[in-house]
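Reading through the structure tokens given below for one structure.
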């Protein structure tokens, strides 16, 4: 057991009450009042017109790609510095992921590299708002408009993240969210797909529910999927959403404590950078000065009861995607030096000070 795990959910609201209501009513599967309530409340929270709940964040991405009609031979530009779940669904629909490098200051996908990677086969950009920091959406949307490209926003790690006052997930054609146990709000497992397009919303609902025809009972007019969210998942999600502003405020405070506590050490915090960027700090992440130090520091912290994890490995370096030699130097550098520190909302100032003092001890300070 760790003294400070890297993450743990906070379940101190109406989670038990709402789940018990599901059990008492016997509405435990994909129908029940909490599904609709959670979808509507989540859409309102981010400022989208439509939201549909799904069983996890990965199928949310797959469903978004299917709804957009992306398929065989279509190229989808995606950052290499992301969790692999952003990329695998691209292959699963028969499309081709085209990787781009990151920006050194924000860690987000590089608009300049996006421009370099566009070809006649490019059909979409997948934007990933990594670790809670927004991408450069003004420039990315300009590029998409110039080249008539779909924009998919992967907001799995960006609940509460805004760019110039607008919640991420409302810039592009379609967006996806995750409610895994370590996300800002959780259902245990769960996800959401959002859009401002009524036709896309109808396609999402159609495909996620086994391709069931809208106006004919038990008639299936397309090949669909069983991607539905359960009423129990939605009940937990709704209870979590009721607390989201508290969670976000706690996370910002924790990030500030880390920034103050790590001053003077050879460590750079991943902070909000750029005009209008509002970092939600899903994870409080840092860069050490040299790659070999990263694993030494993590081992030292583990021995002291402090759990950490490395930042994501660039997807282009994974065996299934490394079919040719490519360099994305910024993403590779961040991946080699990055650490996610304990980031759960219930951390106190004393907890964070303890973690920072332990890091300082590693450096002999």
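The values are calculated or read from the model by the stated rules, or taken from the named source; none is laboratory data. Source: prediction; values computed, not measured. Neighbour counts are summed over all protein chains in view; Cβ atoms, including those assigned to glycine, are modelled from backbone coordinates with ideal geometry.
So here's what we get for this one:
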| read-out | value |
| --- | --- |
| Number of positions in the range 306-332 that are without any contact (Cβ under 8 Å) to a residue 40 or more places away in the chain and over 21 Å from the mean Cα position of the chain (by Cα) | 7 |
| Qualifying residue in the range 81-102 (condition: part of a strand (DSSP E or B), without any contact (Cβ under 8 Å) to a residue 60 or more places away in the chain and within 30 Å of residue 332 (Cβ to Cβ)) | yes |
| Scope the range 309-352; condition over 24 Å from residue 87 (Cα atoms), touching a helix residue (DSSP H, G or I) at 6+ places or on another chain (Cβ under 7 Å) and not in a helix (DSSP H, G or I); matching residues | 341, 342, 343, 345, 347 |
| Residue satisfying condition, being in contact with a helix residue (DSSP H, G or I) (Cβ under 8 Å, 6 or more places away or on another chain), in contact (Cβ under 8 Å) with a residue 40 or more places away in the chain, assigned to a helix (DSSP H, G or I) and not assigned by TED's automatic domain parsing to the domain that holds residue 128, within set 287, 297 | 297 |
| Residue match in the range 216-225 (condition: crowded, with 22+ Cβ neighbours inside 10 Å, more than 30 Å from residue 136 (Cβ to Cβ) and in the same structural domain as residue 108 (by TED's automatic domain parsing)) | no |
| Meets criteria (in a helix (DSSP H, G or I), in contact with a strand residue (DSSP E or B) (Cβ under 9 Å, 6 or more places away or on another chain) and over 25 Å from residue 89 (Cα atoms)) for residue 16 | no |
| Residue that is loosely packed, with under 15 Cβ neighbours inside 10 Å and either outside the structural domain of residue 81 (by TED's automatic domain parsing) or closer than 30 Å to residue 96 by Cα (or both), where the choices are 274, 338, 305 | 305 |
| Residue tally, condition at pLDDT 95 or above and in a loop (DSSP other than H, G, I, E, B), over the range 166-210 | 18 |
| Residue that is surrounded by the most Cβ atoms within 10 Å (Cβ to Cβ) [pool: residues in the range 322-333 that are modelled with pLDDT of 95 or more and in contact with a strand residue (DSSP E or B) (Cβ under 9 Å, 6 or more places away or on another chain)] | 331 |
| Any chance residue 39 is outside the structural domain of residue 317 (by TED's automatic domain parsing), touching a residue at least 12 places away in the same chain (Cβ under 8 Å), outside any strand (DSSP E or B) and more than 30 Å from residue 316 (Cα to Cα) | yes |
| Boolean, residue 230 is over 22 Å from residue 161 (Cβ atoms) and buried (at least 16 other Cβ atoms within 10 Å of the Cβ) | yes |
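Per-residue answers, yes or no, for (1) surrounded by fewer than 19 Cβ atoms within 10 Å (Cβ to Cβ); (2) under 11 Å from the mean Cα position of the chain (by Cα):
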{"site": "114", "(1), (2)": "no, no"}
{"site": "122", "(1), (2)": "no, no"}
{"site": "128", "(1), (2)": "no, yes"}
{"site": "138", "(1), (2)": "yes, no"}
{"site": "144", "(1), (2)": "no, no"}
{"site": "191", "(1), (2)": "no, yes"}
